[in-house]
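Take a look at the structure below.
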Amino acid sequence: MTHDPRIIVAIDRPDASSALALVRHFSPEYCRLKVGKELFTAAGPSIVEQFHSLGFEVFLDLKFHDIPNTVQAACRVASTMGVWMLNVHAAGGRAMMEAAREGVQQGGGASLLIAVTLLTSMNQQALDELGMPGSPMDWVKRWGQLAVTDCGLDGLVCSAREVAGLRSELGQSACLVTPGIRPTEQAGQDDQQRVMTPVQAIAEGSSYLVIGRPITAAANPASTLERIHADLAACP
Ligand code: C5P
């Protein structure tokens, strides 16, 4: 692909037909597609194949977290499917992330492998309940360094609000993928608590933006995507 669209549209749909009906609005020139647990559980690998055959690159967002041998095998299979990006939980630790990297290599090595650090749904109270000392940002930085610097993963899924802090720890080459994005006119909607606009998130240092409902629930998903794309085209 010569173009490198910075928008990843979350195709959160309960079945293949509604996912394909949604994707008909989009062009691979303007976005990549994210397949998460709901759609993958319903439709399986064939939905990834169908998106590929339409020319889209796919982020397989299954957040693997299991013993190293199991995660390695899952990453090998995902990599063999030719997905552009896949992810694991950093909480699985060094052995699991190194095994994941090995699995991607075994599957062809072309997929980007990123880690989820602390889920953005976890706050200070959740850490305290788990007996984990320190702040959420302490854990994001610690697990981010383990994933990228120590285990050689390509990057992280994180909140746009964490990007600046992570960039100073990890440098410019880490691939930082941020959900929780809302165009200015929609800020404050849905269940995302702390949102940023697309332009703000790129200015903070995000590499790619995951955007779901602001595009997929819009009256005209194609024009909404194109408008965000045009806003970003003006960003360096
Ligand atoms: O509709 P919305 O833009 O909120 O969709 C965001 C997408 O990113 C969803 O697929 C959601 O599962 C995912 N995600 C998230 N927050 C995270 C990680 C992933 O919203 N911390």
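The values are calculated or read from the model by the stated rules, or taken from the named source; none is laboratory data. Since the structure is predicted, the reported quantities are computational estimates derived from the model, not experimental observations. Positions of Cβ are backbone-derived with ideal geometry, glycine not excepted, and every protein chain shown enters the neighbour counts. Areas reflect the complete protein model, heavy atoms only, side chains present, ligands, DNA and RNA absent. Shrake-Rupley method; radii C 1.70, N 1.55, O 1.52, S 1.80 Å.
Residue pairs, Cβ under 9 Å, 6 or more apart or interchain, first in segment 116-137 and farther than 25 Å from Phe59 by Cα and assigned to a loop (DSSP other than H, G, I, E, B), second away from the ligand (no atom under 12 Å from the Cβ) and among the polar types (S, T, N, Q). List them. Filtered contacts from segment 116-137: Ser135/Gln124.
Only one of these is farther than 24 Å from Pro45 by Cα and open to solvent by 50 Å² or more (accessible area, probe 1.4 Å): Glu102, Glu129. Name it. Give the steps one after another, and end with the answer.
Details: Glu102 fails: farther than 24 Å from Pro45 by Cα.
Only one candidate qualifies: Glu129.
Residues that are within 11 Å of the ligand (Cβ to nearest atom) and at pLDDT 95 or above occur in segment 159-178; there is at least one. In segment 23-41, the count of residues that are touching a strand residue (DSSP E or B) at 6+ places or on another chain (Cβ under 7 Å), under 23 Å from Ala222 (Cβ atoms) and among the small types (Gly, Ala, Ser) is one or more.
Among the residues in segment 156-171, are any open to solvent by 30 Å² or more (accessible area, probe 1.4 Å), touching a residue at least 60 places away in the same chain (Cβ under 8 Å) and under 19 Å from Ala201 (Cβ atoms)? So far as segment 156-171 goes, no, none of its residues is open to solvent by 30 Å² or more (accessible area, probe 1.4 Å), touching a residue at least 60 places away in the same chain (Cβ under 8 Å) and under 19 Å from Ala201 (Cβ atoms).
Just checking, which of Ala219, Ala201 is open to solvent by 30 Å² or more (accessible area, probe 1.4 Å) and within 16 Å of the ligand (Cβ to nearest atom)?
After applying the criteria, what remains is Ala219.
Among the residues of segment 13-63, those that are within 14 Å of the ligand (Cβ to nearest atom) and crowded, with 21+ Cβ neighbours inside 10 Å comprise Arg13, Ala19, Cys31, Arg32, Leu33, Lys34, Val35, Leu39, Val58, Phe59, Leu60, Asp61. Quick one: what pairs do we get from segment 174-194, first residue farther than 19 Å from Gly205 by Cβ and among the aliphatic types (A, V, I, L, M), second near the ligand (Cβ under 10 Å from one of its atoms) and at pLDDT below 90, C-beta under 6 Å, 6+ apart or different chains? Hits for this filter: Ala187/Val195.
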